[in-house]
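Notes for the one structure printed next.
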């Protein structure tokens, strides 16, 4: 096995791959059982439980390569724990997720502005499919800065919109205004849904099903957009063949 600086190259590669797979598995587990993770954070960290919630919301909205994180379901679940002495305070939780959402989008804007072209040309962001890119660009072209607000409510799209806003050099003041409004409305909506409805016996007894429902409903617009784009490409190809 080749050795560099006394460390076998294969060992370094496999260590990095193992670490990467562990991170991916963590996020898959978090998506499947956000209630269990938040309960563990509260038990282990007490008031520090807000920190992982902050970082997950920040990363989902602020890092273009991480659009698959469970933003909606995590906010909903955190709202449940803020009700009836569940270990979180609504009056602390809301400012935490507001700041995370706004800072995340702002970070993503500047990533797109400074490095966007290089990231797209590299082709390394596999989640940035042509259909999602087209839908995101179409949203921005159609609605302008309002797309920053609307994009908050669509998984994947909410991660790409600030990135493409930065890439297109949208005026930052306009971006920031809709970023703040969108971030506050989106995070507040899902936290309050969990806060007011999470205690319903049906939700408690079928929590996993409710989380799956939130994910599915959130993904419907993205799936519909992908199908529409696919049908459009097929129709255009058929028209060219007939001509």
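The values are calculated or read from the model by the stated rules, or taken from the named source; none is laboratory data. Source: prediction; values computed, not measured. All Cβ positions, even for glycine, are placed from backbone atoms using ideal geometry, and neighbour counts span all protein chains on display.
Take residue 70 and tell me if it is without any contact (Cβ under 8 Å) to a residue 40 or more places away in the chain, in contact with a helix residue (DSSP H, G or I) (Cβ under 7 Å, 6 or more places away or on another chain) and surrounded by 15 or more Cβ atoms within 10 Å (Cβ to Cβ).
Judged against the criteria, residue 70 is not a match.
So which pairs qualify, if the first residue must be in the range 181-200 and over 22 Å from residue 86 (Cβ atoms), the second must be in a helix (DSSP H, G or I), the Cβ gap must be under 6 Å, and the two must be at least 6 apart or on different chains?
What qualifies is 181/149; 182/148; 182/149; 182/152; 183/101; 183/102; 184/98.
May I ask you to list the residues in the range 42-53 that are touching a helix residue (DSSP H, G or I) at 6+ places or on another chain (Cβ under 9 Å) and either outside any helix (DSSP H, G or I) or surrounded by fewer than 19 Cβ atoms within 10 Å (Cβ to Cβ) (or both)?
As a first pass, look at the range 42-53 and keep what is touching a helix residue (DSSP H, G or I) at 6+ places or on another chain (Cβ under 9 Å): 42-43, 45, 47-53.
Within the range 42-53, 42, 43, 45, 47, 48, 51, 52 meet the criteria.
Show me the helices (runs of 4 or more DSSP H) found entirely inside the range 131-243 where at least 3 residues are farther than 21 Å from residue 64 by Cα and at pLDDT 75 or above.
By residue number, 172-197, 201-205, 207-242.
Could you tell me whether any residue of the range 113-130 is out of contact with any strand residue (DSSP E or B) (no Cβ under 6 Å at 6 or more places or on another chain), at pLDDT 90 or above and either buried (at least 23 other Cβ atoms within 10 Å of the Cβ) or farther than 30 Å from residue 207 by Cβ (or both)?
yes
Just to be sure, is residue 106 in a helix (DSSP H, G or I), buried (at least 17 other Cβ atoms within 10 Å of the Cβ), touching a helix residue (DSSP H, G or I) at 6+ places or on another chain (Cβ under 7 Å) and modelled with pLDDT of 90 or more?
Against the criterion (in a helix (DSSP H, G or I), buried (at least 17 other Cβ atoms within 10 Å of the Cβ), touching a helix residue (DSSP H, G or I) at 6+ places or on another chain (Cβ under 7 Å) and modelled with pLDDT of 90 or more), residue 106 qualifies.
Any residue at all in the range 21-28 that is farther than 30 Å from residue 86 by Cβ, out of contact with any helix residue (DSSP H, G or I) (no Cβ under 8 Å at 6 or more places or on another chain) and at pLDDT below 85?
Checking the range 21-28: at least one residue is farther than 30 Å from residue 86 by Cβ, out of contact with any helix residue (DSSP H, G or I) (no Cβ under 8 Å at 6 or more places or on another chain) and at pLDDT below 85.
Name the one entry in 87, 62 that is under 30 Å from residue 35 (Cα atoms) and at pLDDT 90 or above.
Working: 62 fails: at pLDDT 90 or above.
Result: 87 is the single residue among 87, 62 that is under 30 Å from residue 35 (Cα atoms) and at pLDDT 90 or above.
Can you tell me which residues in the range 87-100 are crowded, with 19+ Cβ neighbours inside 10 Å and in a loop (DSSP other than H, G, I, E, B)?
Scanning the range 87-100 gives a single hit, 88.
Assess whether residue 81 counts as being in contact (Cβ under 8 Å) with a residue 12 or more places away in the chain, within 14 Å of the chain's Cα centre (by Cα) and either buried (at least 20 other Cβ atoms within 10 Å of the Cβ) or under 21 Å from residue 158 (Cα atoms) (or both).
no
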